[in-house]
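Okay, so here's the structure we're looking at.
What follows is calculated from the coordinates using simple rules that are stated; it is not laboratory data. All of these numbers come straight from a predicted model, not from anything done at the bench. All Cβ positions, even for glycine, are placed from backbone atoms using ideal geometry, and neighbour counts span all protein chains on display.
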Amino acid sequence: MPLILSVARRVRREHIQILDARHGRDYWPTILAARWSGVRPKVVLGRHLAKSPGSWLSRRWLLSQCDAFVAVSHFVAKVLREGDADPTSDNPERHYRPPMSGDFSRLHVVYGGFDMDRFQPGEASGQREAWGLQPQHFAFCMAGGYDLPHGKGQRVFLQAAARVRPELPQARFFLVGRGTLRATLEADIDRLGLQGVASLAPYSHDMPAVLNAMDCLVLPQIGTEALPGVVIEAHACGKPVIASALDGIPEAFATGGTANW
């Protein structure tokens, strides 16, 4: 409540014309701050997840309380309009995603922006040396958080690595990121006999260097995915990508005309 009142006062004092909320927990505080400000700024809500808001109240009323609702991909817009069901999936979060209700003329698709001055082909020998790569090595990498229960499919990545290794002895496999699955992934590396060829690389704030150091990005997503920016960034750096064909992932390929199914 103090935050809502503080925002309302600032909107009124500075005559702010647009309030934007990007995360579900911020939707209703933003709406209330706009209403209580007394100046009624435009309210824009954004959806960066491939599912509708979690509560029935939000699914039923949010569209009527905002001026625009932005989906970051056409797949996200489809979920918000129609819902989505994948009852045979091994991942429960994919079984059923209910739609929203309301005036869908307020729903718009706007892709996220990327800094193409940063994400472009470049030299990354220092990063490859830090990973212990030799010139003959081919580095398959995943980049992203790996929190319980599933991460972004890191365990599937390691299972695939175990199958690829006998056919491609020079392959190396890296999981770049951090998360609560760390102990499980380390155990998987031992169980699958991937010691010395697969490893967990530290979280990095320099993603252009990471992407340029790898030879191929892999995204074996098994959960939900609105629009994977890492796919677009990897393509901008001139790297091939292997990814699951689900949710908004195909759109990330299509935006650059790089799809090959």
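Mean residue ellipticity at 222 nm, helices only, the chain: -10000 deg cm²/dmol; runs of at least 4 DSSP H residues each add -39,500 (n - 2.57), and the sum is divided by the number of residues.
Spacing of the modelled spin labels on Gln195 and Gln134, each 7 Å from Cα toward Cβ, amounts to 1.9 nm. Computed over all pairs of different Cα atoms, the Kirkwood value for the hydrodynamic radius of the chain is 20.4 Å.
Relative contact order for the chain: what percent, with Cα pairs under 8 Å and sequence separation of 6 or more?
Numbers: 466 pairs, mean separation 43.2, N = 261.
Here the relative contact order equals 17 percent.
Extension gain for the segment His15 to Ile242, taken as residue separation times 0.36 nm less the Cα-Cα distance, is 77.0 nm to one decimal. Cross-link partners for Lys51 among the lysines, with Cα-Cα distance under 17 Å and sequence neighbours closer than 8 places in the same chain left out: Lys78, Lys152.
Karplus-based coupling profile of region 11-23, in residue order and whole Hz: 4, 5, 5, 9, 6, 5, 9, 9, 10, 10, 10, 9, 10, with θ = phi - 60° in 6.51 cos²θ - 1.76 cosθ + 1.60 and x standing for Gly or Pro.
Secondary structure note: in region 2-109, about 15% of the DSSP beta bridges are antiparallel.
DSSP finds beta bridges in the chain, and of those with both partners inside it, around 5 percent are antiparallel. Residue by residue, region 175-184 carries 3J(HN,Hα) couplings of 10, 9, x, 7, x, 7, 8, 3, 4, 5 Hz when phi is fed to the Karplus relation 6.51 cos²θ - 1.76 cosθ + 1.60 (θ = phi - 60°); x denotes Gly or Pro. Under a 5 Å amide H cut-off, with hydrogens placed 1.01 Å from N, Phe138 pairs with Ala171, Arg172 among residues at least 5 apart or on other chains. Taking Cα atoms only, the orientation of helix 24-36 departs from the longest principal axis of the chain by about 20 degrees.
For the pair Glu186 and Trp56, the difference between a 0.36 nm per residue extended length and the Cα-Cα distance amounts to 42.9 nm. Using C-alpha pairs below 8 Å separated by at least 6 residues, the relative contact order for region 2-109 is 23 percent.
Projection of the Cα convex hull of region 145-261, averaged over all directions and equal to a quarter of that hull's surface, yields 7.2 nm². Its relative contact order, with pairs defined as Cα atoms under 8 Å and 6+ residues apart, puts region 125-254 at 27 percent.
Remark: region 127-141, residue by residue, has Karplus-estimated 3J(HN,Hα) of 5, 5, 5, 5, 7, x, 8, 9, x, 7, 7, 10, 9, 8, 9 Hz, where x stands for each Gly or Pro and the curve is 6.51 cos²θ - 1.76 cosθ + 1.60 at θ = phi - 60°. Loop-located GluC sites (Glu not before Pro) in region 67-162 (DSSP state other than H, G, I, E, B) with a sparse environment of at most 16 neighbouring Cβ atoms within 10 Å: Glu123.
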